[in-house]
1. If I model a spin label at Lys371 and Arg144 as a point 7 Å from the Cα along the Cα→Cβ vector, what separation in nanometres do I get?
2. Under a Cβ-only charge scheme (Lys and Arg +1, Asp and Glu -1), can you give me the dipole magnitude of the chain about the Cα centre, in debye to the nearest 20?
3. Roughly how many Å is it from the Cα centre of the stretch 120-188 to that of the stretch 232-302, as a whole number?
4. Roughly speaking, what is the stretch gain from Cys119 to Val94, that is 0.36 nm per residue apart minus the C-alpha to C-alpha distance, in nm to one decimal?
5. Springs between alpha-carbon pairs under 10 angstrom, Gaussian network model over the chain: which of Gln116, Gln305, Gln230 fluctuates most?
6. In a Gaussian network model over the chain where Cα atoms closer than 10 Å are linked, find which of Asn233, Asn271, Asn76 has the largest mean-square fluctuation.
7. Amide H to amide H, which residues 5 or more places from Val287 or on other chains are under 5 Å from it, using H placed in the peptide plane?
8. Can you spot the lysines whose alpha carbon is less than 23 Å from Lys225's alpha carbon? Ignore those fewer than 8 places along the same chain.
Amino acid sequence: MSSLGADDENGSNVGNDLNNSQRHLESDRTECINNTGTNNKTEHASVVAAHYNHLEEKGIRERFKSPIFYLRNFNNWVKSVLIQEYVDRVRGNVYGKRLRVLDICCGKGGDLSKWQKACVNHVIFADIANISIQQCKSRFDEIRKCTFTAQFIAADCTKESIRDKYTDPSIRFDIVSCQFGLHYSFESLPQVRRMLKNATECLSPGGYFFGTIPNAYEIVSRAKKSPNGQFGNRIYNIKLLFDPKDGYPLFGAKYDFHLEGVVNCPEFLVNFDLFNKLAREYDLELVYKAGLGDFYKDHMEKYKQLLPKIMCFESYPAPPGKQLIGDESEYEHAKSFYESIDNKSQTVGTMSKCEWEVATVYMAFVFKKCKK
Ligand SMILES: C[S@@+](CC[C@H](N)C(=O)[O-])C[C@H]1O[C@@H](n2cnc3c(N)ncnc32)[C@H](O)[C@@H]1O
């Protein structure tokens, strides 16, 4: 797997590019704030909401046939690890400690069962897509013997105060999770600020704010290697919707991301250094960040028992009567490993090159709320 990991060297060059454009634009911050066309923003928010609202919920059988079956499961492993790791940290030695969570950009509630497994006590779910929120509530209502209570909020978390909508606005969260959603706020500085305010204003000191986002360094690095700013493989395609020759805008650096039946609405690059700088204004201290390739290396030993349970990896060679999800040529890494082992009745757990290329577009981050 590691041979398919993120390209760190190129990543850091791109980091310099982003940093340069950051320096350039920081002197012009007021312009950044004022240069955000309100009409466009409103339009984009409704495009995103409509897109997620209309995403079909696939049955288990369909999901098994999906060309991104293992990628989805791997992403679920990453989210499970984040949830387990940081719930354990805030719980510490106090077994019965009551934990409250904000799941912001929650979608249809893909993490409901993870919160249940983590034995948290209350979760507020928030998302811009009202139909997704309704589906999230229905899924919650279907959980038998649910251990936690919940509230569901449909709101644009980059523009509205969600605290105003809490049943109890004096609530204190121990964990705030934003999975695969924060990048939508990078349309403009006020939107990032509103998102950060929503994520942090009720987070207790010592609590954690974590999430997953597309890794801008990785995207820019891959785009630089392509002649037209567009790259991908059979399951994904990313196209920059701005001209890098004019620099990388700090906000509104739009790109199209197509991923097999999952995402196909424009997103925004997150300049992580800038994000971290802004996060500090909200009393957040960065405690961890890594591309998902490195995240896997950092956590696989401790959380390896979860890998087969979540079915993160495909067996190579394919078991009798089954087919590999990708073309044989996408498994060179697994083939050479398999050839090196003596016991040929064993198989190798792996992911197709195409799926791994998508997995490593993403990164994870964890912030801790500082004590004042
Ligand atoms: C890729 S989905 C991730 C859903 C869920 N967190 C998960 O991991 O399964 C991104 C979610 O972000 C939500 N989102 C996008 N922009 C948002 C905004 N401005 N406010 C709240 N939610 C937003 C979308 O509606 C969508 O449900």
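Every read-out reported here was derived from the displayed coordinates using simple, explicitly stated rules and does not represent laboratory data. Nothing here was measured: the structure is a model prediction, and the numbers come from that model. For neighbour counting, all protein chains shown are included, and Cβ atoms are generated from backbone atoms with ideal geometry for every residue, glycine included.
1. Reported label-point gap for Lys371 and Arg144 is 4.4 nm.
2. On the way: 50 positive and 47 negative charges, 289 e Å.
Around 1380 debye, computed over the chain.
3. Result: 22 Å between the Cα centres.
4. Working: separation 25, 0.36 × 25 = 9.00 nm, distance 1.30 nm.
Fully extending the segment from Cys119 to Val94 adds 7.7 nm.
5. Comparing Gln116, Gln305, Gln230 in a Gaussian network model of the chain, the most mobile one is Gln305.
6. For the chain, modelled as a Gaussian network with Cα springs under 10 Å, the answer is Asn233.
7. Val366, Phe367, Lys368
8. Result set, ordered by chain and number: Lys239, Lys245, Lys254, Lys353.
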